[in-house]
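To keep things clear, I will list the structure first and then write my remarks on it.
The values are calculated or read from the model by the stated rules, or taken from the named source; none is laboratory data. This one's a predicted model, so the numbers in the text were calculated from it and none came from an experiment. With ideal geometry, Cβ positions are generated from the backbone for all residues, glycine too; neighbour counts draw on all protein chains shown.
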Amino acid sequence: MKIYVTDPKGKEHELDAVEGWRVMEIIREYGLAIKAECGGACACATCHVYIDKKWLDKIPPKREEEEEMLDEAFEVQENSRLSCQIIFDETLNGLKVTLAKNPT
């Protein structure tokens, strides 16, 4: 199974994905530029990604905690999500996301 991640410089990376892992964990495992400071506790917005619009209806809806954390993120769009809140499974095989730029 795969996910496709576009980094802030526009380069797409094909990553092997593991069922049951958070999308954030998969991205971090490959050493891509994702801060994920809270480690998946939905306590920051540093794993902010943009979901490819073709995948939006296949991703589980945001919970209230995620909505609140996205209020803290920069450049939030309709397709913004916290990658720590998306658990990868076979229905997400081929998922495409773009890493949001985190302020330094």
Within segment 47-88, considering residues that are in contact with a Leu (Cβ under 8 Å, 6 or more places away or on another chain) and of a type in the set (S, T, N, Q), the one nearest to Glu29 (Cα to Cα): Ser80
Some residue of segment 39-62 being aliphatic (A, V, I, L, M), closer than 15 Å to Met1 by Cβ and out of contact with any Ser or Thr (no Cβ under 7 Å at 6 or more places or on another chain): no
Answer yes or no: is there a residue in segment 80-103 that is aromatic (Phe, Trp, Tyr) and either surrounded by fewer than 17 Cβ atoms within 10 Å (Cβ to Cβ) or free of Cβ contacts under 8 Å to residues at least 24 places away in the same chain (or both). no
Flag for Thr98 being over 20 Å from Lys9 (Cβ atoms), at pLDDT 95 or above, of a type in the set (S, T, N, Q) and out of contact with any Gly (no Cβ under 6 Å at 6 or more places or on another chain): no
Count of segment 53-104 residues which are touching a Pro at 6+ places or on another chain (Cβ under 6 Å) and among the basic types (Lys, Arg): 1
Pair list, Cβ < 7 Å and 6+ apart or interchain, from segment 43-56 residues that are over 17 Å from Phe74 (Cβ atoms) to residues that are at pLDDT 95 or above and assigned to a strand (DSSP E or B): Asp52/Lys96; Asp52/Val97; Trp55/Leu95; Trp55/Lys96
In segment 32-55, anything loosely packed, with under 13 Cβ neighbours inside 10 Å and modelled with pLDDT of 95 or more is listed as Lys53, Lys54
Filtering segment 56-78 down to residues that are within 18 Å of Asn93 (Cα to Cα) and surrounded by 11 or more Cβ atoms within 10 Å (Cβ to Cβ) yields Leu56, Lys58, Ile59, Pro60
